[in-house]
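All remarks here apply to the structure that follows.
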Amino acid sequence: MISLLYVLLKGSIMKEVAPKFFDIDFGTAVIGYVLITYGSTWAGLFALGQGILVDLFSVGPVGLFSLLYLAVFLSLLGGCRFFDLHSPKGQVILICVAVYLKELFLLLLLLVFSFEIPNSSSLLILLGASAVLTGILSPFFFHFLYLLRRLMIKGLQET
Amino acid sequence: MLNPRRIRILWIWIALFFIAFILVSSSFGKRRVWSPLEQAVIEITAPVQKVIFSTVDTVQGFWWKYFSLVDIRIVNASLKKEIDALKMENSLYRELVAANRRLETLLQFKEVIHWDALVAQVIGKDPTGWFESVMIDKGKNAGLRLNMAVVNAQGAVGQLVSLAPNYAKVLLVIDQNSAVDCLIQRSREKGIVKGLSPKVCKMHYVVKNGDVVVGDLVVTSGMGRVYPKGIPVGRVVAVADDPWEMFKDVKVEPLVNFSKLEEVLVLLKEDPLSNPYRFKE
């Protein structure tokens, strides 16, 4: 639900406040959260679902974001061997790296599929800034998701 | 028969009325001045009256200020609620007025072109930072088909690229993957407008000796089989002539404000080559 809301709201909010190609991607953080909470199978499925959802609402080639979010999932899964995704430090590093890799992979895919990419020197900087900012914000987002889960469990127990 | 007691009471009443009548008739036309006796009575009774009045006033004040205020909190809350509701209503009315103005402009535009068009509401924007598209609230059920042109009163907005029964996705002209066959209205120089950023597009393939100056209006040529001829796209904001390039570097600022896109017109014709863009005389 959060992911769906995020995808639906993201376009309207981010386009108003951020420059083009600046993409704070909490979708990656949600994949990370699902990975440490529900395991790799659910995280993989969630990544695929999220990608399909973004593909539906975006005008990019079909399957592009499904592939990208699967790549994000794989990079997080691999990254978990070196960093602890439960700790804020690990979250910042892993999410930052995963988002930056995702953006670079997207750039590569668009070039491969002959999509027009503006030759802007600031593009890589913008992508880096989005990755760093997403990484820095991710511990707060993880905390929010933990809190939400706790509240939901409490609500379920009460009912 | 009246008994003697009643007759006596009657006489007393008559006497009292007579005294009162005498008093009234004697004071007619004269200024009312207290006699020394009256003054003395007043001097004695007035302080008592003063105390009674102030007591009553205090009690009354106390009543109004405290006891009667018990309901005021409820009334206040109710009034606040009412104010909030009225504010909301006012805001809705303002929104309706604004929507009405926008729709009126669209309607005027629709009347200018001889083309069946359908008004649609923008309901969402592209969730990625990479592409420029919007979702509209009309789809196949409303008669929309792929590649139909989408415009508003300012000019070209985009074209339909995906359709659902009740929704459609519009690729905006500011997307880097959109290409609109255009010409300079004044000199009829041709080129293809592609998105560069949300504020600027680039007009590609404008020949070196082409007559293009800053301020020229760029309109659709009608050659791309999507847009009818003559729809405004933007205004030239910069022209550069690089000796190492084959074509002129022409930057175009779109006329449509894409960040404030709310209602659009979908032109319900799939083949615009018949040049249907005829202005009313």
Fill in the blank from the handout: With x for Gly and Pro, the residue-by-residue ³J(HN,Hα) of the range A:60-66, computed from phi through the Karplus equation 6.51 cos²θ - 1.76 cosθ + 1.60 at θ = phi - 60° and given in whole Hz, is x, x, 5, x, 4, 7, 4
Fill in the blank from the handout: Computed over chain B: longest principal axis from alpha-carbon atoms vs helix B:4-27 long axis, angle to nearest 10 degrees, is 70 degrees
Fill in the blank from the handout: Given the candidates A:Leu76, B:Phe247, B:Tyr93, the one whose Cα lies deepest towards the positive end of the charge dipole of the protein assembly as shown, counting +1 at each Lys or Arg C-beta and -1 at each Asp or Glu C-beta, is B:Tyr93
Fill in the blank from the handout: Non-local residues with an amide H under 5 Å from the amide H of B:Val252, with H modelled 1.01 Å from N and Pro and chain starts lacking one, are B:Cys201, B:Lys202, B:Met203, B:Val237
Completion exercise
Averaged over residues of A:59-67, the number of beta carbons from other chains lying within 10 Å of each residue's Cβ is 4
Exercise for the section: Could you please state, rounded to a whole Å, how far the C-alpha centre of the range B:59-115 is from the C-alpha centre of the range B:190-257? Expected result: 47 Å
Problem - Relative contact order (%) - chain B, alpha-carbon pairs under 8 angstrom, separation at least six - result: 16 percent
Handout entry: Approximate spin-label separation B:Leu92-B:Lys199, in nm, with each point projected 7 Å along Cα-to-Cβ
Key = 3.8 nm
Handout entry: Fraction of alpha-carbon pairs over 31 Å apart in chain B - percent
Key = 56 percent
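Would you please name the chymotrypsin sites (Phe, Trp or Tyr not before Pro) within the range B:64-122 that are DSSP coil residues with at most 13 other C-beta atoms within 10 Å of their C-beta?
Details: sites: B:Trp64, B:Tyr66, B:Phe67, B:Tyr93, B:Phe109, B:Trp115; in loops: B:Tyr66, B:Trp115.
Answer by residue number: B:Tyr66.
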Exercise for the section: Give me the aspartates and glutamates in straight-line cross-link reach of B:Lys229: C-alpha distance below 12 Å, same-chain residues under 8 apart excluded. Expected result: B:Asp181, B:Asp271
Practice task
Mind checking the full-extension length gain between B:Asn100 and B:Leu37? Use 0.36 nm per residue of separation minus the Cα-Cα distance, one decimal, nm.
Solution key: 14.5 nm
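If you roll a 1.4 angstrom probe over the protein chains with everything in place, what fraction of the accessible area of the protein assembly as shown belongs to carbon and sulfur, to the nearest %?
66 percent
In percent, what relative contact order does the range A:27-156 have, based on Cα pairs under 8 Å that are 6 or more apart in sequence?
Numbers: 128 pairs, mean separation 31.1, N = 130.
Relative contact order for the range A:27-156 comes out at 24 percent.
Quick one: compute the contact order of the range B:142-254, relative version, from alpha carbon pairs under 8 angstrom and 6+ residues apart, as a percent.
Values: 281 pairs, mean separation 23.8, N = 113.
The normalised contact order for the range B:142-254 reaches 21 percent.
Treating only the Cβ atoms of Lys and Arg (+1) and Asp and Glu (-1) as charged, compute the dipole magnitude of chain B about its Cα centre; round to the nearest 20 debye.
Values: 37 positive and 29 negative charges, 307 e Å.
Computed charge dipole of chain B: roughly 1480 debye.
The values are calculated or read from the model by the stated rules, or taken from the named source; none is laboratory data. None of the values given here were measured: they were computed from a predicted structure. Glycine also receives a Cβ, built like all others from the backbone with ideal geometry; neighbour counts cover every protein chain displayed. All accessible areas refer to the heavy atoms of the entire protein, side chains included, with ligands and DNA or RNA removed. Shrake-Rupley method; radii C 1.70, N 1.55, O 1.52, S 1.80 Å.
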